[in-house]
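Let me begin by presenting the structure, written as structure tokens, before commenting on it.
The values are calculated or read from the model by the stated rules, or taken from the named source; none is laboratory data. Computed from a prediction, not measured in an experiment: that's the story for all the values here. Ideal geometry is used to build each Cβ from the backbone, glycine not excepted, and the neighbour counts take in all protein chains shown.
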Amino acid sequence: MLDLFLGNFFSAPVLFFVLGMLAVAVRSDLEIPAPMPKLLSLYLLFSIGFHGGVKLEQGDMNLQIVLTLLAAVLLAFIVPVYCFFILRLKLSLANAAAVAAAYGSISAVTFVTADAFLASTGKSYGGHMVAAMALMESPAIIVGVLIVRLNASKGGGGKVKWGELLREACFNSSVYILLGSLLIGLITGEAGYKDLKPFSDGIFKGVLCFFLLDMGLVSARRISGLLEQGWVPWLFGILAPPINGMIGIGVAWLLGLSHGDALMLAVLAGSASYIAVPAALRLAIPEANPGLYLPMALAITFPFNIIVGIPLYDVVISKVLST
Amino acid sequence: MLDLFLGNFFSAPVLFFVLGMLAVAVRSDLEIPAPMPKLLSLYLLFSIGFHGGVKLEQGDMNLQIVLTLLAAVLLAFIVPVYCFFILRLKLSLANAAAVAAAYGSISAVTFVTADAFLASTGKSYGGHMVAAMALMESPAIIVGVLIVRLNASKGGGGKVKWGELLREACFNSSVYILLGSLLIGLITGEAGYKDLKPFSDGIFKGVLCFFLLDMGLVSARRISGLLEQGWVPWLFGILAPPINGMIGIGVAWLLGLSHGDALMLAVLAGSASYIAVPAALRLAIPEANPGLYLPMALAITFPFNIIVGIPLYDVVISKVLST
Amino acid sequence: MLDLFLGNFFSAPVLFFVLGMLAVAVRSDLEIPAPMPKLLSLYLLFSIGFHGGVKLEQGDMNLQIVLTLLAAVLLAFIVPVYCFFILRLKLSLANAAAVAAAYGSISAVTFVTADAFLASTGKSYGGHMVAAMALMESPAIIVGVLIVRLNASKGGGGKVKWGELLREACFNSSVYILLGSLLIGLITGEAGYKDLKPFSDGIFKGVLCFFLLDMGLVSARRISGLLEQGWVPWLFGILAPPINGMIGIGVAWLLGLSHGDALMLAVLAGSASYIAVPAALRLAIPEANPGLYLPMALAITFPFNIIVGIPLYDVVISKVLST
Amino acid sequence: MKPVKRVEIITNSVELQEIESVLDEMKVSGYSIIPGVTGTGDRGRVEGDELTGVCTNVYILIACSDTEAQKITEAMEPVLKRFGGICLISEATYLTHSSD
Amino acid sequence: MKPVKRVEIITNSVELQEIESVLDEMKVSGYSIIPGVTGTGDRGRVEGDELTGVCTNVYILIACSDTEAQKITEAMEPVLKRFGGICLISEATYLTHSSD
Amino acid sequence: MKPVKRVEIITNSVELQEIESVLDEMKVSGYSIIPGVTGTGDRGRVEGDELTGVCTNVYILIACSDTEAQKITEAMEPVLKRFGGICLISEATYLTHSSD
Ligand SMILES: Nc1ncnc2c1ncn2[C@@H]1O[C@H](COP(=O)(O)O)[C@@H](O)[C@H]1O
Ligand SMILES: Nc1ncnc2c1ncn2[C@@H]1O[C@H](COP(=O)(O)O)[C@@H](O)[C@H]1O
Ligand SMILES: Nc1ncnc2c1ncn2[C@@H]1O[C@H](COP(=O)(O)O)[C@@H](O)[C@H]1O
Ligand code: NA
Ligand code: NA
Ligand code: NA
């Protein structure tokens, strides 16, 4: 079991992530210049989406898949609600709702890293899990905004543009490229895959390493801002992933998912969004402090999942699914 | 025959182009951040030029090649002239000349997409067609500026810096990288090709998909500006490609070109420039409206060629060359 | 022997470099848009560092390696000192120290190009030479600043922040990514290498070509500024590389290094820094003219090494080591 | 050459679309946008290193008449209150292609 | 600290080289350039999303003397008339490394 | 709306960290940074095409009170003397989210 943790830690992607964090610690001037990280993340979403679509085309649609997708969406609506009630004990309304929204959503890069982890253990997961990821990205945004509106005293702030918000929830760039690439993978199938393989597959792990190097830089830079915020963000940021991950594993167990699918669902449930959700909340809940929800997802939960969470979920799944 | 159109439409590059267009329609915030599109286009030009040079090194120079290149240059001088007289019926002098120049020149990305299309049908084309593309890029600029100067009333606007214009026509970045890479491919030959293959060939189609995703975004954003311009741009933008393409096929038939070479000549004749020509015209014919010639080439003719034009020319060539 | 020079000159990387220089000569608008060159250079450093680490993991540590690293560091301290005394005959204190620092340090891209050259001749070098490169990058900065401080009249300029300077010398981005990737290569070994190969190896030479295209542009643009500086920069810029290279070869001969290791040491000794050192000196010796030390390293010494130096050192090593 | 007001707005880039539509509705004769601005203010550091663009500011420059400047600042006040940022007005004279 | 004119020019980036050579010929003591500017004006939207750079503006700032400002605006007038863009002049005081 | 000073600094980007820490120590209420500026001055052309960032300038805008402006220019003088660049001060009025 320790093997699994060390094996994960000493894999190239995680080591590059750590290298990035250390660069900030020693104040190196290393940086991946903007807008490259954005492009690399688009590439990763494209690659994972496209590959998912190709896998989906090869398998066949069945009830379990439909139930998994439904369960995924349900999780994405329920997790932020229960998180909100816990967070509200310590945080303001807006901040509690915003943090809850971040943790109800997902982190695509955590998913991608879990994909690389899974491949290194020789297991695989179904293409529909990519669809699950896309479906889980946005519901929490809507839940978060609803919570604030329902609880806010009248007359405060501007009105919410629900149309805009829904549109952004459905068509924000990460959901869009993920689902778009999945569809294209589904349409072009094996033939399309063969053509794109050197690009979508060959350089995938290398690009992931580079991207995680940047994630290490970005998340480490964010830690300092958190130090002034007391212990609440730290506690929640470290406990939420395993708890939500376990909820994901429970659902996977109920649905009888394979090891790979279960891991991916755990990772989706256990990860928090630092891209789509903050972008939406900055506009929809401007009262919330981006200096809180963003670094919690980015500088605590993301590293936790990359380094500890993924192998942890894997171990638990091995135990649970073998019973 | 419908097969060919559907096969083209449901190929990954075209689907990514459509995905980009749809992103604008649903107002997704998806974008390929600048300056990546510029780099991707440099890469595509490099790749196509280098590969062309390698192919040229393997074949041998013959009269047909020389005649093809001559015919290509001739086309690039004649097409803008006849287009001008048609356009002048409806547009101002400057606008007619500018649009004519755009349509007399070529679109390298259309060429690249046709390359991918041709490869998927198992056919190939000669490396000298890349040289033909480079030669066809700039003559129309000079024709366009000449037309304006010869027809303009005296004393209007500044004087044309012909030296500058000629230099830019010969050494603008796309012509330069295309011919430079072609030369280097010619010099390094098969050995150089083997070294660079994973870069210049392996990831080529994937990069093309990404680039077409951006082209979809960029061209769709341009459509709205065209709606105020009436039906003239639409009519010309959709009729010019097949007509010029047919002229290209006619020339190919006269010269007895192979199927692949004929398709490439048709695509060159039928496509319009939205990079080199607008960049030159913005300086040389500032009276012309960039909101007209740029979106015509980019938002009407480019999508037309990608989706309909290429398979259309292919079908016609199959018919014509088999007679 | 002429073969070797021509073979080098007509290799794809050198030809792309020349293509870049010519683009400036004919005033083409070709450019690799910022910040891509920065990213490409990070990629090259990552790739060379990672590969070096993997090679290091496969070999075993021995006395010769330790001695080589020691000798490399020693060179990096001595070369700038002797260069300073020569340069001081013609240049101001600050300028002489700054130029000496640049030539005492190394050029990673020259190293990378020598790697490609070596591969094309079927030879190889040890992974520890990458460590040697990292160790040789920064000592000259400290030597340069020390020289200025020891010789400067009291009271001039601000005080040197030695802590900052040392930190930057050790952790500047190129040293950091080089050593970090080397370490990760060392840890993940063959297995990690296999995973990353299409990214770190496959596209390596293509990226190098693209990067050298940019280096050609950047270095040619710098030449004009040098023309006003008289013949001193030219003489030194062309004589320093072979002389320092020969010193490197002498050390290699004393230590009994292999052909490949000897070439890399010669290239490190003979090359001059135009990235890390200028960045550090701009802050630490602002009195020195960046219009002098930067173009000397970039526009004279770099092209010299790429085109003439590398094959020259190779020939000399063949002669010397066979005795 | 005629006197104009220089209105400068610096705010979070997520607000840009909103501000532009306000300006377009007002039919100001023109404005310019500089993206990729970072900074510090009451709401802390905007580092510009995020993947979202949430952490970048944008600089907007509008050369306009007195009355337009008045209207713009009125329209901006609630926006800046809600999302942060500043608005500066200064004097300048104006030379333009359409000035005759 | 001495009074200077702040001359600001915003125009299409294809014009930059031309303007720079005008400034260099005039031997102005210095100027600064901000690339990647977008905007709206009489000639429509400049979106900055093109592959050509044709659709990007550039911002130029020149701190200079009264007479220089005069000469610059005179030189700019035909350029702006032909290619579009604006030129603003405002007052400032100046602190520089070479000011003694 | 209250009167403020607009302090503009343009200098080499290697100096940015230093200047920011000066401003942070002074506790100015805010400032904005535009990176990627090129230019020409006494120290020649800054082309912005280097790999190092050594050849890029940075533009800093600070809206502040008279006394702050005074302190900033005093602090900047040695920096600009050593590393080059300019500092302009002009007048503006200020509308901000926190102004009441
Ligand atoms: N006094 C100021 N001078 C210049 N820029 C400012 C100032 N105050 C705020 N800003 C800019 O406006 C942004 C948002 O300000 P705030 O809402 O105060 O955090 C900051 O990130 C700065 O870029
Ligand atoms: N009133 C204005 N205020 C600020 N920028 C302007 C203004 N008018 C024009 N511009 C800028 O100048 C560019 C060209 O203007 P025009 O030639 O009027 O289309 C526009 O794209 C804007 O970036
Ligand atoms: N008169 C000026 N107007 C605008 N910017 C200037 C001026 N002088 C210098 N600069 C800017 O400050 C930088 C450094 O100036 P210098 O130290 O004089 O070379 C230049 O590269 C320009 O970007
Ligand atoms: Na989650
Ligand atoms: Na054409
Ligand atoms: Na050296």
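Remarks
- Residue check, B:S322 without any contact (Cβ under 8 Å) to a residue 12 or more places away in the chain and more than 28 Å from E:P78 (Cβ to Cβ): yes
- Out of B:I238, B:I243, B:I249, sole residue that is surrounded by 22 or more Cβ atoms within 10 Å (Cβ to Cβ), in a helix (DSSP H, G or I), more than 10 Å from every other protein chain (Cβ to nearest Cβ) and of a type in the set (V, I, T): B:I249
- In the range F:1-29, residue farthest from the other protein chains (Cβ to nearest Cβ) [restricted to those that are farther than 22 Å from E:Y94 by Cβ and touching a residue at least 40 places away in the same chain (Cβ under 8 Å)]: F:K2
- Any hit, the range B:185-208, residues being within 22 Å of B:S107 (Cα to Cα), at the interface with chain C (Cβ under 8 Å from one of its Cβ atoms) and free of Cβ contacts under 8 Å to residues at least 12 places away in the same chain: yes
- Residues that are modelled with pLDDT of 90 or more and within 10 Å of chain F (Cβ to nearest Cβ) were ranked within the range D:78-100; the one that is nearest to ligand 2 (Cβ to nearest atom) is D:A92.
- Test: residue in the range A:182-203 that is closer than 18 Å to A:Y274 by Cβ and either among the aromatic types (F, W, Y) or surrounded by 17 or more Cβ atoms within 10 Å (Cβ to Cβ) (or both): no
- Count of the range A:212-242 residues which are without any contact (Cβ under 8 Å) to a residue 12 or more places away in the chain and either in contact with a helix residue (DSSP H, G or I) (Cβ under 8 Å, 6 or more places away or on another chain) or at positive phi (or both): 1
- Single match in B:S11, B:S41, B:S92 (criterion: crowded, with 16+ Cβ neighbours inside 10 Å and away from chain C (no Cβ under 14 Å)): B:S11
- Condition broken by B:V79, with the remaining ones in (1) under 24 Å from C:P33 (Cβ atoms); (2) within 17 Å of the chain's Cα centre (by Cα) satisfied: (1)
- Condition check for D:K27: surrounded by 17 or more Cβ atoms within 10 Å (Cβ to Cβ) and more than 16 Å from ligand 6 (Cβ to nearest atom): no
- Counting only helices (runs of 4 or more DSSP H) that fall entirely inside the range C:1-64 and contain at least 1 residues that are basic (K, R), the qualifying elements are C:36-58.
- Residue within the range D:50-64 that is away from chain E (no Cβ under 14 Å), in contact with a Cys (Cβ under 7 Å, 6 or more places away or on another chain) and modelled with pLDDT under 95 present: no
- Test result for E:S32, buried (at least 19 other Cβ atoms within 10 Å of the Cβ), farther than 16 Å from E:E74 by Cα, within 14 Å of chain D (Cβ to nearest Cβ) and at pLDDT 95 or above: yes
- All conditions in (1) without any contact (Cβ under 8 Å) to a residue 12 or more places away in the chain; (2) under 11 Å from the mean Cα position of the chain (by Cα) hold for F:T40, with the sole exception of (2).
- Residue in the range B:258-265 that is surrounded by 19 or more Cβ atoms within 10 Å (Cβ to Cβ) and either under 13 Å from B:S105 (Cα atoms) or of a type in the set (V, I, T) (or both) present: yes
- Selection status of B:V79, farther than 18 Å from B:L298 by Cα and either away from chain C (no Cβ under 14 Å) or not in a helix (DSSP H, G or I) (or both): yes
- Single condition A:R167 does not satisfy, out of (1) at the interface with chain B (Cβ under 8 Å from one of its Cβ atoms); (2) of a type outside the set (F, W, Y); (3) at positive phi: (3)
- Residue match in the range C:114-122 (condition: away from ligand 1 (no atom under 16 Å from the Cβ), surrounded by fewer than 24 Cβ atoms within 10 Å (Cβ to Cβ), away from chain B (no Cβ under 14 Å) and at negative phi): no
- Residue within the range A:302-321 that is buried (at least 24 other Cβ atoms within 10 Å of the Cβ) and within 16 Å of ligand 1 (Cβ to nearest atom) present: no
- Test: residue in the range B:213-235 that is surrounded by fewer than 23 Cβ atoms within 10 Å (Cβ to Cβ), part of a helix (DSSP H, G or I) and within 14 Å of chain C (Cβ to nearest Cβ): no
- Only one entry of A:G127, A:G122 meets the criterion of being small (G, A, S), within 30 Å of C:Y193 (Cβ to Cβ) and in contact with a helix residue (DSSP H, G or I) (Cβ under 6 Å, 6 or more places away or on another chain), and that entry is A:G127.
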